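Below: one structure in structure tokens.
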Amino acid sequence: PHLSPTNSTMIERTKSKDVFLTRHGARIDYEDPQWLQHCSHNRSDDPHLSPSGIIAAQELARKFKRMQNEDREGSCWKLTHIVSSPYIRCIETANEVALALGDVSIKVEPGIAEVNTSRHPGFLDVADLKSSFPLIDEHYEPVVPREELVLEYSDGAAAKRSAKVARRVRELLAGSILFVGHGASCLGIAGEFGHYGYVGYTSLTHFELKDVGGERKWELRGFFGDVSHLSDKQTSLDSAW
């Protein structure tokens with residue numbers, strides 16, 4: 001069928017290879033040392049978001065909603081995929097964005113999880129996560145499933161693993177992607193797309209694939225670890241290590 005210019009532009013932007021990167025919001029264990037006593041589980045390595053972390057995740061979600069709305073008259077940009085670490089603080093952050101946009105699911109990818117210091121990492125399986133977060137895509141096949149994670153003892157090891165996984169995810173999925181990770185995994189993902197560095201809680205970094213001198217290269221669009229959408233900018237900036 002014939003495509004109007006507007007529809008054609010929308011399809012082109014939906015298929016774009018833009019990459020967005022954020023880190024989970026502030027975690028409850030850094031604000032409440034007794035947090036696990038109030039939970040119905042004993043997963044000490046899987047803290048949920050703190051109240052301030054939830055607020056920041058909602059502010060990030062509103063940022064994405066504004067971006068999508070503002071571009072409707074021009075490039076008609078649209079987020080296609082959310083790829084998240086399985087840890088609950090990342091899933092909660094991703095879920096706020098998915099809820100705000102309404103038409104994008106969450107793909108759970110253990111390959112961009114936190115530094116793996118345990119043979120039995122405490123994150124939940126997809127079926128358990130989906131019971132609380134219906135927007136999770138249970139049909140997504142992760143690049144690195146839980147059973148293939150190996151023991152790690154440094155941010156560098158997790159960053160290297162996450163970079164490889166992000167590269168593969170980018171190859172497999174058509175359309176724009178938001179990665180939701182941790183300090184170390186975001187370090188690796190950022191490096192994979194051309195700007196190696198730590199990002200803060202619920203900050204936003206945008207990478208765009210461009211033609212530069214006849215070559216396709218990833219370029220940073222806007223600020224690295226942008227916090228302009230957050231009411232509490234300092235907490236995010238202080239966490240960027």
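Carbon and sulfur atoms: what percent of the 1.4 Å accessible area of the stretch 88-198 do they account for?
Working: 2410 of 4680 Å².
Exposed carbon and sulfur together represent 51 percent of the surface.
Mind ranking 131-142, 195-206, 177-188 by how tightly packed they are, going by the mean number of other C-beta atoms within 10 angstrom, highest first?
On the way: 131-142: 14.7, 195-206: 22.2, 177-188: 26.6.
Ranking the peptides 131-142, 195-206, 177-188 by packing returns 177-188, 195-206, 131-142.
Can I ask one more? Along Cα→Cβ, 7 Å out, is where each label goes; now give me the distance between the ones at Ser228 and Val150 in nm to one decimal.
Each label point lies 7 Å from its Cα, and together they span 4.2 nm.
Cut-off under 27 Å on the C-alpha distance; same-chain residues fewer than 8 positions from Lys164 excluded. Which lysines are left, in chain and number order?
Hits, sequence-local ones excluded: Lys15, Lys17, Lys78, Lys107, Lys130, Lys210, Lys217.
Now for a different question. Nearest 20 debye, what's the magnitude of the dipole of the chain about its Cα centre given +1 on Lys and Arg Cβ and -1 on Asp and Glu Cβ? The partial results should precede the final answer.
On the way: 28 positive and 34 negative charges, 114 e Å.
Value, rounded to 20: 540 debye.
Give me Rg/Rg_expected for the stretch 47-141, where Rg uses Cα atoms only and Rg_expected = 2.2 N^0.38 Å with N residues. Before the final figure, lay out each step's value.
On the way: Rg = 14.3 Å, N = 95, 2.2 N^0.38 = 12.4 Å.
Normalised by 2.2 N^0.38 Å, the Cα Rg of the stretch 47-141 equals 1.15.
Moving on to the next point. Using alpha-carbon positions, what is the distance between the centroids of the stretch 101-123 and the stretch 16-75, in Å?
Here the two parts' Cα centres lie 13 Å apart.
Apply the Karplus parameterisation 6.51 cos²θ - 1.76 cosθ + 1.60, with θ equal to phi minus 60°, to every residue of the stretch 203-216 and state each ³J(HN,Hα) to the nearest whole Hz, in sequence, with x for glycine and proline.
For the stretch 203-216, the Karplus curve yields 6, 9, 10, 10, 10, 10, 8, 10, 7, 10, x, x, 10, 8 Hz.
Measure out, as a whole number of angstrom, how far apart the alpha-carbon centroids of the stretch 216-241 and the stretch 147-190 sit.
Value for the Cα centre distance between the two parts: 18 Å.
As I understand it, the dipole of the chain uses +1 on the Cβ of Lys and Arg and -1 on the Cβ of Asp and Glu, about the Cα centre. Which of Val212, Cys90, Gly53 lies farthest toward its positive end?
Val212
Between Ser16, Ser176, Ser228, which gets the highest mean-square fluctuation from a Gaussian network model of the chain, Cα cutoff 10 Å?
Of Ser16, Ser176, Ser228, the most mobile in the Gaussian network model is Ser228.
While we're here: How much length is gained if the chain between Ala127 and Leu172 is pulled fully straight, taking 0.36 nm per residue apart and subtracting their Cα-Cα distance, in nm to one decimal?
On the way: separation 45, 0.36 × 45 = 16.20 nm, distance 2.27 nm.
Net length gain for the segment: 13.9 nm.
Over the chain, average the accessible area per residue using a 1.4 Å probe and give it in Å², no decimals. Don't skip to the end; give the middle numbers.
Working: 11710 Å² over 241 residues.
With the other protein chains kept in place, the chain gives 49 Å² per residue.
While we're looking at this one, here's another question. With semi-axes √(5λ) of the Cα gyration tensor in Å defined as stated, name the option among [x] 28, 19, 18; [y] 33, 24, 18; [z] 37, 21, 13 computed from the structure displayed.
It is the value labelled [x].
Counting each DSSP H run of 4 or more residues in the chain as -39500 (n - 2.57), what helix-only mean residue ellipticity at 222 nm follows after dividing by all residues, to the nearest 500 deg cm²/dmol?
Value at 222 nm, helices only: -11000 deg cm²/dmol.
The values are calculated or read from the model by the stated rules, or taken from the named source; none is laboratory data. Keep in mind it's a predicted model, so treat the numbers as computed, not measured. Backbone-built Cβ (ideal geometry, glycine too); neighbour counts: all protein chains shown. Quick note on the areas: whole protein, heavy atoms, side chains included, nothing else; ligands and nucleic acids left out. Shrake-Rupley method; radii C 1.70, N 1.55, O 1.52, S 1.80 Å.
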